[in-house]
1. Could you please state, rounded to a whole Å, how far the C-alpha centre of region 232-250 is from the C-alpha centre of region 1-42?
2. Which log10 I(q)/I(0) values, to two decimals, does region 80-158 give at q = 0.17, 0.23 Å⁻¹ under the Debye formula with one point per Cα?
3. Putting +1 on Lys and Arg Cβ atoms and -1 on Asp and Glu Cβ atoms, find which of Ser275, Leu327, Thr293 reaches farthest to the positive end of the dipole of region 249-358.
4. For region 325-333, just list the computed ³J(HN,Hα) in residue order, Karplus coefficients 6.51, -1.76 and 1.60, θ = phi - 60°, integers in Hz, with x standing in for Gly and Pro.
5. Given contacts defined as C-alpha pairs under 8 Å and at least six residues apart, what's the relative contact order of region 215-276, whole-number percent?
6. Give me the angle, in degrees from 0 to 90, between the Cα long axis of helix 143-168 and the longest principal axis of the Cα atoms of the chain, rounded to the nearest 10.
7. Shape call for region 7-59 from the C-alpha gyration tensor, a ≥ b ≥ c root eigenvalues: rounded (a/c under 1.5), prolate (a/b greater than b/c) or oblate?
8. For the chain, what is the accessible area per residue in Å², given a 1.4 Å probe and the full set of protein chains?
Amino acid sequence: MIELRRALGRWDLTAIGVNQVIGSAIFLLPADVARLVGPWGPLAFFAVGILSLSIALCFAEVSSRFDRTGGPYLPARAAFGRFVGFEIGWMMWFTRVSSQASVANGLALALAFYWPSLAEGLQRSALITVVTVVITWINIRGIKQSSWVVNVLTVGKLLPLGLFIVVGIWFVDGARWATMPPVTLGQAGSAALLLIFAYGGYEVTGILAGEAKDPRRDVPFAFVVTLVTVAIVMTLTSVVATGVLPAIAESRTPLADGAAVFLGVAGALLVSVGSSVSMAGNNMGQILNGSRTLFALAENGDLPLWFARVHPTYRTPENAILFTAVLALALALSGSFVFLAAVSAVARLVMYLAVCLATLVLRRQRPTDEMREALFVIPLGPVIPVVATVVAAGILFGATLQQLAAGAAALVAGAVLFAMGRRA
């Protein structure tokens with residue numbers, strides 16, 4: 001049987017993780033958070049970054065036990081059985097596909113600001129189709145080529161953000177924090193919920209373990225470095241945007257507006273370009289990780305082996321890539337992804353809870369051929385996994401009825417698919 005090529009190092013995995021977390025949202029979030037908690041925004045970014053790190057540490061520990069493709073699917077399967085593992089894998093793939101469709105449309109809208117004809121009709125469809133075909137072709141050609149593209153796009157999105165932070169910090173007005181208004185528990189909770197989702201995406205890092213050179217060491221490293229990097233970038237971005245814009249809560253494009261203050265029109269254009277690059281990179285990562293989830297499910301007998309076919313020359317899961325790309329393109333062109341996006345709330349909850357709980361369960365299990373002894377163990381015993389479980393469960397209490405209904409429907413669909421596979 002042809003195997004996937006192990007070509008990814010720890011910094012490749014880190015770039016993939018950062019690429020998935022930092023998408024288009026960071027260019028809008030400082031204003032969204034400011035509308036809820038005012039000048040407390042930067043502190044909210046920092047605090048939720050720490051809470052998210054507790055969950056990422058759980059991902060890091062369980063990933064140090066596995067060296068195969070699969071991500072959260074593998075520890076969930078080992079800890080709670082085949083059915084729960086399948087549901088986790090199914091929700092992972094479902095989220096990646098709907099997110100890819102959503103980001104593709106977001107890219108069209110971003111470019112439509114400069115070329116209005118791209119906002120609708122044939123030209124919008126053509127742009128989305130071309131972008132999808134190109135990233136699909138790159139993904140099929142090889143994991144190393146895919147990681148190079150992700151690395152370049154990750155640097156391309158971090159450069160404008162870095163410039164915004166390094167230059168903008170000198171223009172920050174400390175008076176913005178001279179009087180801190182009171183914040184209600186509801187406002188703080190809404191901001192925290194918004195930011196927990198904003199920090200999401202790092203969970204994909206472990207999916208590519210089967211293509212990493214030293215996965216049990218490098219994947220945990222990538223999880224931790226990804227969260228630390230993202231938390232620093234997001235917090236400092238919020239500091240600059242809040243400190244530069246007097247009425248940040250009223251801004252629809254806070255980073256572009258902030259850059260215009262201290263860098264002029266060129267700065268605003270640079271941030272806008274960075275936003276488009278960010279979405280392109282995020283789209284590249286969605287198909288990269290979504291296809292590997294399908295591959296892992298098929299490799300472990302939970303989906304037809306057709307999805308586990310590896311290209312004889314490029315050693316990539318070509319059928320899984322093509323299937324993921326075609327479905328994402330159909331969703332993007334039809335617009336039905338808008339409803340499916342609601343699934344991501346419950347999907348992320350299910351994944352986070354499963355991994356946090358699996359961290360505690362797997363500590364009591366003996367190593368097997370598929371699950372090894374952990375090379376990375378979170379300090380302080382059960383404290384951090386328990387805190388992470390509470391944080392993950394907190395997402396459920398903030399989910400809307402629409403999100404809960406959409407997530408439940410996706411879980412039921414996964415259960416039906418699983419039952420059909422068992423009978424086949």
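The values are calculated or read from the model by the stated rules, or taken from the named source; none is laboratory data. Everything numeric in this text was worked out from a predicted model, so none of it was measured. FYI the Cβ positions are ideal-geometry reconstructions off the backbone, even for glycines, and counts take in every protein chain you see. All accessible areas refer to the heavy atoms of the entire protein, side chains included, with ligands and DNA or RNA removed. Shrake-Rupley method; radii C 1.70, N 1.55, O 1.52, S 1.80 Å.
1. Between the Cα centre of region 232-250 and that of region 1-42, the gap is 18 Å.
2. So the normalised log intensities work out to -0.87, -1.12.
3. In region 249-358, that residue is Thr293.
4. Couplings: 5, 5, 5, 4, 5, 4, 5, 5, 6 Hz.
5. Details: 28 pairs, mean separation 11.4, N = 62.
It comes to 18 percent, rounded to a whole number.
6. 20 degrees
7. On the way: a/c = 4.02, a/b = 1.82, b/c = 2.21.
Here region 7-59 falls in the oblate category.
8. On the way: 17200 Å² over 424 residues.
I get 41 Å² per residue for the chain.
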